[in-house]
1. Output the qualifying pairs, or none if there are none: Cβ atoms under 8 angstrom, residues six or more apart or on different chains, first residue in the stretch 29-58 and touching a residue at least 24 places away in the same chain (Cβ under 8 Å), second residue part of a helix (DSSP H, G or I) and aliphatic (A, V, I, L, M).
2. Identify the single condition in (1) modelled with pLDDT under 90; (2) open to solvent by 60 Å² or more (accessible area, probe 1.4 Å) that Ser13 does not satisfy, given that it satisfies every other one.
3. Tell me whether the stretch 16-28 contains one or more residues that are modelled with pLDDT of 95 or more, of a type outside the set (A, V, I, L, M, F, W, C) and open to solvent by less than 100 Å² (accessible area, probe 1.4 Å).
4. Counting only residues that are in a loop (DSSP other than H, G, I, E, B) and closer than 14 Å to Pro4 by Cα, how many does the stretch 17-41 have?
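The values are calculated or read from the model by the stated rules, or taken from the named source; none is laboratory data. None of the values given here were measured: they were computed from a predicted structure. We place every Cβ from the backbone using ideal geometry, glycine too, and count neighbours over all the protein chains shown. Remember, those area values only see protein heavy atoms, side chains included, never the ligands or the DNA or RNA. Shrake-Rupley method; radii C 1.70, N 1.55, O 1.52, S 1.80 Å.
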Amino acid sequence: MTPPANWRKSSYSGMTDNSSCVEIARLTGAVGVRDSKDPGAGSLALSVESFGGLVARIKRDELGH
């Protein structure tokens with residue numbers, strides 16, 4: 001049986017209901033990502049390497065707006 005994911009939001013994100021943020025959870029061999037405003041809509045599981053690459057691209061502002 002897989003334990004439930006422990007979702008968390010960045011301390012840098014706003015704490016209001018309208019703040020745009022994602023939540024992440026450490027999964028077995030992966031990182032879960034979901035929309036904090038609609039957590040029931042589903043989630044995406046990325047490999048640890050892919051998640052690290054995504055974060056690096058975000059920090060370098062390579063994804064566009």
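1. Matching pairs, first to second residue: Arg34/Ala41.
2. (2)
3. no
4. Number of matching residues: 1.
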